[in-house]
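To start, the structure itself, in structure tokens.
The values are calculated or read from the model by the stated rules, or taken from the named source; none is laboratory data. Small disclaimer: the values here were computed from a predicted structure and weren't measured. Virtual Cβ from ideal backbone geometry, glycine too; neighbours counted across all protein chains shown.
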Amino acid sequence: MKPWFKIFSTRSIAEASIIQGMLEENQIPVQQLNKQDSSYINFGDIELYVPDHLKDTATQLVQQNLLN
């Protein structure tokens, strides 16, 4: 199994979904790990992971998206 790299972390489900969709549109596989508390969504983050060999490309795409 190839290692995965954490590319993005947020407390907003909507923001995580937007970033995940953008990465998937660019043929980058994404795994989402939701660490939010089920009762108190203010506690914990949603993390997005990409394959280690695609981390540079994914980082550039995320930075471009956040700047717009």
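Return the only residue of I28, I7, I41, I18 being β-branched (V, I, T) and at pLDDT below 90.
Numbers: I28 fails: at pLDDT below 90; I7 fails: at pLDDT below 90; I18 fails: at pLDDT below 90.
Being β-branched (V, I, T) and at pLDDT below 90 holds for just one of I28, I7, I41, I18, which is I41.
For F8, all conditions in the list (1) surrounded by 12 or more Cβ atoms within 10 Å (Cβ to Cβ); (2) out of contact with any Leu (no Cβ under 7 Å at 6 or more places or on another chain); (3) outside any helix (DSSP H, G or I); (4) not hydroxyl-bearing (S, T, Y) hold save one; what is the number of the exception?
(2)
Looking only at segment 1-23, count every residue that is free of Cβ contacts under 8 Å to residues at least 12 places away in the same chain and over 20 Å from L67 (Cβ atoms) and tell me the total.
Looking only at that region, the number is 1.
Looking at segment 42-57, can you tell me whether even one residue there is in a helix (DSSP H, G or I) and either in contact (Cβ under 8 Å) with a residue 60 or more places away in the chain or touching a strand residue (DSSP E or B) at 6+ places or on another chain (Cβ under 6 Å) (or both)? Let's see the steps before the verdict.
Within segment 42-57, the first condition is being in a helix (DSSP H, G or I), and the residues that meet it are 52-57.
Filter once more, keeping what is either in contact (Cβ under 8 Å) with a residue 60 or more places away in the chain or touching a strand residue (DSSP E or B) at 6+ places or on another chain (Cβ under 6 Å) (or both): 52, 55.
Yes - at least one qualifying residue is present in segment 42-57.
If a residue has to be of a type in the set (S, T, N, Q), touching a strand residue (DSSP E or B) at 6+ places or on another chain (Cβ under 9 Å) and within 20 Å of P3 (Cβ to Cβ) to count, how many in segment 13-33 make the cut?
Residues of segment 13-33 that are of a type in the set (S, T, N, Q), as a first pass: 17, 20, 26-27, 31-32.
Going one step further and asking which of them are touching a strand residue (DSSP E or B) at 6+ places or on another chain (Cβ under 9 Å), we end up with 17, 20, 31-32.
With the extra rule that they be within 20 Å of P3 (Cβ to Cβ), the set shrinks to 20, 31-32.
Of the residues in segment 13-33, 3 are of a type in the set (S, T, N, Q), touching a strand residue (DSSP E or B) at 6+ places or on another chain (Cβ under 9 Å) and within 20 Å of P3 (Cβ to Cβ).
Sort out which residues of segment 24-34 are surrounded by 11 or more Cβ atoms within 10 Å (Cβ to Cβ) and either farther than 21 Å from L66 by Cα or charged (D, E, K, R) (or both), and write them in order of number.
E24
Anything in segment 46-68 that is among the acidic types (D, E) and surrounded by fewer than 16 Cβ atoms within 10 Å (Cβ to Cβ)? List them, or say none. Write out each step before concluding.
Looking only at segment 46-68, we keep the residues that are among the acidic types (D, E), and these are 47, 52, 56.
Selection gives D52, D56.
Among the residues that make up segment 28-36, is at least one of them of a type outside the set (A, V, I, L, M) and more than 11 Å from the chain's Cα centre (by Cα)? Spell out how you get there, then give the answer.
First, the residues of segment 28-36 that are of a type outside the set (A, V, I, L, M): 29, 31-32, 34-36.
In the following step, the residues that additionally are more than 11 Å from the chain's Cα centre (by Cα) were identified as 35-36.
Looking through segment 28-36, at least one residue is of a type outside the set (A, V, I, L, M) and more than 11 Å from the chain's Cα centre (by Cα).
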